[in-house]
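Participant: My structure is below; once you've seen it, I'll send some questions.
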């Protein structure tokens, strides 16, 4: 085992050290080498070292360099050194993060990291915190707590009696609601199509003055960080209206919630802390390995009841039991990497990372405008949308940029325009990476 882990460390270090110089998307021949992994299941055991060697030799070349400094396709962070190292150590520990009795270290680290996170985001200190897989499950978890709370007010126990015959629940979303929220609503039995949709402005922000009538059986889902523009819904006005009506406000802040960590971007968070629940990712802007998301609920009792797990053989103590805050029981101890990332960065390092990415996005926008191309959004965070002309030309430019390999950016549709979306989320992206990517983009677009 010792020799095998040393070999894995050597191969992993080689991959990480070369990530900044390789193509961002693999060539067809790199992908074709995956055929070496095909074949019937061996009848006899194989040497573990040979298995790892085959996996590395055939697989590493076919990876997308999402951990590198020039991947801008989705809001995907890289891996901070401390977070990767902690991930490897956590893998060696192989802890089940469900119960304190199964892993005192995992449970304690979650508690510590929860306190740090609530402080960073400016959320109430007593919030319940669930460590989940990503923003989709974070939205699901927080909205399950919301569903419990609004139906409990109506005298209905949804966890025991289900939704058959339950009082109706109204869900309000913005016109630019993210698909992860709609998926969560579908899984919770609240329906994608039953929502009331509020118009959005030209930056995708919900128009607060267009909210429909709301009451104590209403869940309002707002956004902190539009996936295309980075824009924030006007949380202060929406939360004030909801508070008067007794409605629940949930914030989908998959990446935008991290604006709270950077003093120059904190203004975007005005009113967000007045909501009742929040969702975010750590594998986006905190730059920890997949998978890692967070659900926060102001009143932790709503979260615990919604996620309740009982069995005679499960030994629950008086301390915080992690499985009472997440949909999963057995799960990996993902809080370890969150703790390591926050500890290694500190408050100043986290703020500098977020601000550096925002400034890189502004650098992209400035360079593209200067080159004569249309930037379609106000660049307030880490998102940039650019059009290179009509839809056909823009799509062709995107394909050529992706094929070039210098960087990788994806396509999106925005208010009738086809655009290229640039998302800057990696801790190691530098001004040099931005300029190198800009040079490739402009050269390809002009050609």
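A short reminder: the numbers here are calculations on the coordinates, not readings from a lab. The model shown is predicted, which means the values in this text are computed figures rather than measured ones. Backbone-built Cβ (ideal geometry, glycine too); neighbour counts: all protein chains shown.
Participant: Tell me the relative contact order for region 31-100 as a rounded percent, counting alpha carbon contacts under 8 Å between residues six or more apart. Don't skip to the end; give the middle numbers.
Facilitator: Values: 23 pairs, mean separation 18.6, N = 70.
Relative CO of region 31-100 lands at 27 percent.
Participant: Among 111, 321, 216, which comes first, second and so on when ranked by fewest other beta-carbon atoms within 10 Å? Mind dumping the intermediate values first?
Facilitator: Details: 111 16, 321 19, 216 13.
So the residues, fewest neighbours to most, are 216, 111, 321.
Participant: Here is a follow-up. What number do you get for region 95-155 when its Cα radius of gyration is normalised by 2.2 N^0.38 Å, N = residues? Intermediate values should be presented prior to the final figure.
Facilitator: Values: Rg = 13.9 Å, N = 61, 2.2 N^0.38 = 10.5 Å.
Cα-based Rg divided by the globular estimate yields 1.32.
Participant: Can you give me the convex hull volume of the Cα atoms of region 86-341, divided per residue and expressed in Å³?
Facilitator: Details: hull volume 30.5 nm³, N = 256.
Convex hull of Cα atoms, per residue: 119 Å³.
Participant: To one decimal place, what orientation-averaged projected area in nm² is obtained for the convex hull of the Cα set of region 2-68? Before the final figure, lay out the partial values.
Facilitator: Details: hull surface 20.6 nm².
Taking a quarter of the hull surface, the average projection is 5.2 nm².
Participant: When a footprinting reagent is the concern and you count Cβ atoms within 10 Å, what order do 371, 423 take, fewest first? Before the final figure, lay out the partial values.
Facilitator: On the way: 371 16, 423 25.
Ordered by Cβ neighbours within 10 Å, fewest first: 371, 423.
Participant: Something else about it: If you wrap region 313-417's Cα atoms in a convex hull and average its projection over all directions, what's the area in nm²?
Facilitator: Working: hull surface 46.3 nm².
For the Cα atoms of region 313-417, the hull's average projected area reads 11.6 nm².
Participant: Per-residue ellipticity at 222 nm for the chain, helices alone: DSSP H runs ≥ 4 residues times -39500 (n - 2.57), over residue total, nearest 500 deg cm²/dmol? Each step should come with its number before you reach the end.
Facilitator: Numbers: 13 runs with 181 residues, N = 447.
Mean residue ellipticity, 222 nm, calculated: -13000 deg cm²/dmol.
Participant: Separate question: Taking the Cα centroid of region 391-443 and of region 1-56, what is the distance between the two, rounded to the nearest whole Å?
Facilitator: That distance is 29 Å.
Participant: Give me the distance between the Cα centres of region 263-308 and region 80-115, rounded to whole Å.
Facilitator: 19
Participant: Another question, then. Fewest Cβ neighbours within 10 Å first, please rank 185, 381 accordingly.
Facilitator: 185, 381
Participant: Ok, one more. Among 167, 212, 42, which one moves the most in a GNM of the chain with springs linking Cα atoms closer than 10 Å?
Facilitator: The residue that fluctuates most here is 42.
Participant: Turning to a different aspect of this structure: Set the Förster radius R0 to 41 Å, insert the Cβ-Cβ distance between residue 399 and residue 312 as r into 1/(1 + (r/R0)^6), and round the FRET efficiency to 0.05.
Facilitator: Values: r = 58 Å, r/R0 = 1.42.
Step by step, r from the Cβ atoms, then E = 0.10.
Participant: Given 0.36 nm per residue, what is the gain on full extension from residue 209 to residue 62 after removing their alpha carbon distance, in nm? Each step should come with its number before you reach the end.
Facilitator: Details: separation 147, 0.36 × 147 = 52.92 nm, distance 4.90 nm.
Fully extending the segment from residue 209 to residue 62 adds 48.0 nm.
Participant: When you count, for each residue, the other Cβ atoms within 10 Å and take the mean per peptide, how do 52-59, 373-380, 27-34 rank with the highest first?
Facilitator: Numbers: 52-59: 14.5, 373-380: 19.1, 27-34: 12.4.
Result, highest mean first: 373-380, 52-59, 27-34.
Participant: Can you order the peptides 358-367, 140-149, 202-211 by their average number of other Cβ atoms within 10 Å per residue, highest first?
Facilitator: Working: 358-367: 20.2, 140-149: 26.7, 202-211: 17.7.
Going by the mean number of other Cβ atoms within 10 Å, highest first, we get 140-149, 358-367, 202-211.
Participant: I'd like the Kirkwood hydrodynamic radius of region 405-447, using the inverse of the mean 1/r over distinct C-alpha pairs, in Å.
Facilitator: Numbers: mean 1/r = 0.0852 Å⁻¹.
By the Kirkwood definition, the hydrodynamic radius is 11.7 Å.
Participant: Express as a percent, rounded to the nearest 5, the fraction of DSSP beta bridges in the chain (both residues included) that run antiparallel.
Facilitator: On the way: 24 of 40 bridges.
Taking every DSSP beta bridge with both residues in the chain, the antiparallel ones total about 60 percent.
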